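Structure first, then comments.
The values are calculated or read from the model by the stated rules, or taken from the named source; none is laboratory data. Quick caveat: nothing in here was measured; it's all calculated off a predicted structure. Neighbour counts run over all protein chains shown; Cβ positions are idealised from the backbone, glycine included.
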Amino acid sequence: MENWSDFLALEKKKEFFLELQNFIKKERENYVIFPKEEDVFKAFELTNLKDIKVVIFGQDPYPNVGQAMGLAFSVPKDIKLPPSLKNIYKEIETEFGKEFINRDGDLTYLAKQGVLLLNPILTVREKEPLSHDNELYKRFFIDVIEEIEHNDNPIVYLLFGGKAHKYEKYITNKNHLVIKTNHPSPLSANRGGWFGSNCFKEANNFLIKNQIKPIEWLK
């Protein structure tokens, strides 16, 4: 398929997806749900299917007011950096031996370079992490991965945390590299397996080896 809009158009006709949309609609009627409806598929809008270089899988959106914007780990420019994103920035700075010039939390700059910033669960209730962890989202994300797997270009998957690791078995294209780390949240990162993982540098090394322009992780 050429683009995500074609893919999503087909998905939206499937029975499970209609069920998923129904579920989210009812949730929005009864609870505060993040991100805003227009931002749920933001990652797919900003990173074209054919332009993907790196796929980052997190967990689910930030559950606090003003944070979730449809890109995994990203927050709007005027919002304080969440702990997970702080740890991502710390690891990037350590790996590349430089500091961010602009340290706001908006990761749109990565999405525009071909980094698909995805949470396997696209929505969440306010202050209730993993409240939308269900089989319908799992079905959708298996379809997402299978679509990416049709692309024979070299692609790196960065799977952050246990929820993301569960999708590794669906990544079967021999041209694609999987890198697994702990989740960058303080509880997980401080147990080991995040700091010093060199995951961003390793991703760039893979791209360079395959004659693809590396990601500028620092901004």
Item to check | Check on ILE212, part of a loop (DSSP other than H, G, I, E, B), out of contact with any Cys (no Cβ under 6 Å at 6 or more places or on another chain) and among the aliphatic types (A, V, I, L, M) | outcome: yes
Checklist outcome for this item: Expected single match for of a type in the set (A, V, I, L, M) and out of contact with any strand residue (DSSP E or B) (no Cβ under 9 Å at 6 or more places or on another chain) among ILE101, ILE88 is ILE101
Checklist entry - Has segment 34-53 got at least one residue that is assigned to a loop (DSSP other than H, G, I, E, B), touching a residue at least 40 places away in the same chain (Cβ under 8 Å), closer than 18 Å to SER185 by Cα and touching a helix residue (DSSP H, G or I) at 6+ places or on another chain (Cβ under 8 Å)? => result no
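Okay, residues lined up against (1) closer than 25 Å to GLY192 by Cα; (2) outside any loop (DSSP other than H, G, I, E, B):
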position: GLY70; (1), (2): no, no
position: TYR89; (1), (2): yes, yes
position: THR94; (1), (2): yes, yes
position: ASN102; (1), (2): no, no
position: GLY105; (1), (2): yes, no
position: LYS138; (1), (2): no, yes
position: ILE142; (1), (2): no, yes
Item to check | Scan of segment 179-197 for residues that are touching a Phe, Trp or Tyr at 6+ places or on another chain (Cβ under 8 Å) and more than 22 Å from PHE96 (Cβ to Cβ), ordered by number | outcome: SER188
Checklist entry - Taking the stated definitions as given, is VAL178 closer than 23 Å to LYS42 by Cα and modelled with pLDDT of 95 or more? => result no
Item to check | Pair list, Cβ < 7 Å and 6+ apart or interchain, from segment 1-27 residues that are modelled with pLDDT under 95 to residues that are assigned to a loop (DSSP other than H, G, I, E, B) | outcome: ASN3/ASN48
Checklist entry - Looking at this structure, is LYS112 touching a helix residue (DSSP H, G or I) at 6+ places or on another chain (Cβ under 8 Å), at pLDDT below 95, under 20 Å from LEU46 (Cα atoms) and not hydrophobic (A, V, I, L, M, F, W, C)? => result no
Next on the checklist: Between a residue in segment 143-161 that is on the phi > 0 side of the Ramachandran plot and any residue that is assigned to a loop (DSSP other than H, G, I, E, B), which pairs come within a Cβ distance under 9 Å, given they are 6 or more apart or on different chains?
Outcome noted: GLY161/GLY58; GLY161/GLN59; GLY161/ASN182; GLY161/HIS183; GLY161/PRO184; GLY161/SER185
Checklist entry - Would a scan of segment 205-214 turn up a residue that is of a type in the set (D, E, K, R) and either touching a Lys or Arg at 6+ places or on another chain (Cβ under 6 Å) or more than 23 Å from VAL40 (Cβ to Cβ) (or both)? => result yes
Checklist outcome for this item: The correct count of residues that are part of a loop (DSSP other than H, G, I, E, B) and exposed (fewer than 15 other Cβ atoms within 10 Å of the Cβ) in segment 108-128 is 3
Checklist outcome for this item: Contact list, first residue from segment 182-198 and free of Cβ contacts under 8 Å to residues at least 24 places away in the same chain, second anywhere and surrounded by fewer than 14 Cβ atoms within 10 Å (Cβ to Cβ) and of a type in the set (Lys, Arg), beta-carbon distance below 9 Å, six or more apart or interchain, is ASN182/ARG191
Next on the checklist: surrounded by fewer than 17 Cβ atoms within 10 Å (Cβ to Cβ), out of contact with any helix residue (DSSP H, G or I) (no Cβ under 8 Å at 6 or more places or on another chain) and free of Cβ contacts under 8 Å to residues at least 24 places away in the same chain: is that true of LYS138 in this structure?
Outcome noted: yes
Item to check | Members of segment 143-165 that are within 26 Å of LYS13 (Cβ to Cβ) and over 14 Å from the mean Cα position of the chain (by Cα) | outcome: ASP143, GLU146, GLU147, GLU149, HIS150, ASN151
